[in-house]
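Working notes for the structure below.
The values are calculated or read from the model by the stated rules, or taken from the named source; none is laboratory data. In this text the structure is predicted, and so the values were computed from the model without any measurement. Neighbour counts run over all protein chains shown; Cβ positions are idealised from the backbone, glycine included. Ligands, DNA and RNA are excluded from the accessible area calculation, which covers all protein heavy atoms including side chains. Shrake-Rupley method; radii C 1.70, N 1.55, O 1.52, S 1.80 Å.
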Amino acid sequence: MKPPKGLFVAPASFGILATLLSVALARMPEACPGFCICDMWLKLRRAACVNKNLYSVQTGLPAIVQALDLSNNSVSSLGNFELANIGLTRLKYLNLSGNSINEIDLNAFTALDDLAVLDLSRNHLYYVLEDTFANSKSLKILRLDENNFNSDIPRLRSSYIK
Ligand SMILES: *[C@@H]1O[C@H](CO)[C@@H](O)[C@H](O)[C@H]1NC(C)=O
Ligand SMILES: *[C@@H]1O[C@H](CO)[C@@H](O)[C@H](O)[C@H]1NC(C)=O
């Protein structure tokens, strides 16, 4: 015989639910998703989420992350403000090598003012808009090798890279 719904089951599951909720809340500001490894690297808060078939940069990582390794996943595009909208504005290092990126919107990296190293090698890019990095104040290293540019090396404009 099935117990009447809610009556016997509820008190126990409320307890479990409350416990889970408090654990979740306690961990919230610095939580590292289970598919990532979070540590300190060169004095930066790093999250490495590699070889996981992730198809999006939206991984639920906390905004304190400064170095993000998403290499060898399945990300296919980077939308306008996508990284900024998920709060990752403190990134100094972003590795997207070995994904399937074929499209980068003009403002994909806007508001990532500290971004110094960006690895977009081994993707499926066949063009990059000229002004994509025009406002990337801190960008020092940009890797674009092993994409599909054929002989059309992208022309990029920047007021910061000399
Ligand atoms: C990503 O894939 C490349 C090529 O297969 C490999 O050389 C590299 O070690 C991989 N990176 C990681 C962090 O597993
Ligand atoms: C990005 O990750 C790839 C593969 O894991 C690695 O070979 C490469 O050195 C990394 N790029 C940078 C700039 O650290």
Sequence-separation-based contact order of region 28-143, relative, with Cα cut under 8 Å and 6+ spacing, percent: 20
For region 68-81, Karplus couplings with θ = phi - 60° (6.51, -1.76, 1.60), whole Hz, Gly/Pro x: 10, 9, 10, 5, 6, 10, 10, 5, 10, 7, 10, x, 3, 6
Per residue, in Å², the accessible surface of region 74-162 once ligands and nucleic acids are set aside, probe 1.4 Å: 53
Most to least packed among 115-123, 103-111, 56-64, 143-151 [average Cβ atoms within 10 Å]: 115-123, 103-111, 56-64, 143-151
Anisotropy class of region 36-162 from Cα gyration tensor, a/c 1.5 cut: oblate
Accessible area of region 28-143 belonging to carbon and sulfur atoms, whole % at 1.4 Å probe: 50
Cα centre as origin, Lys/Arg/Asp/Glu Cβ charges: region 28-143 dipole, Debye: 400
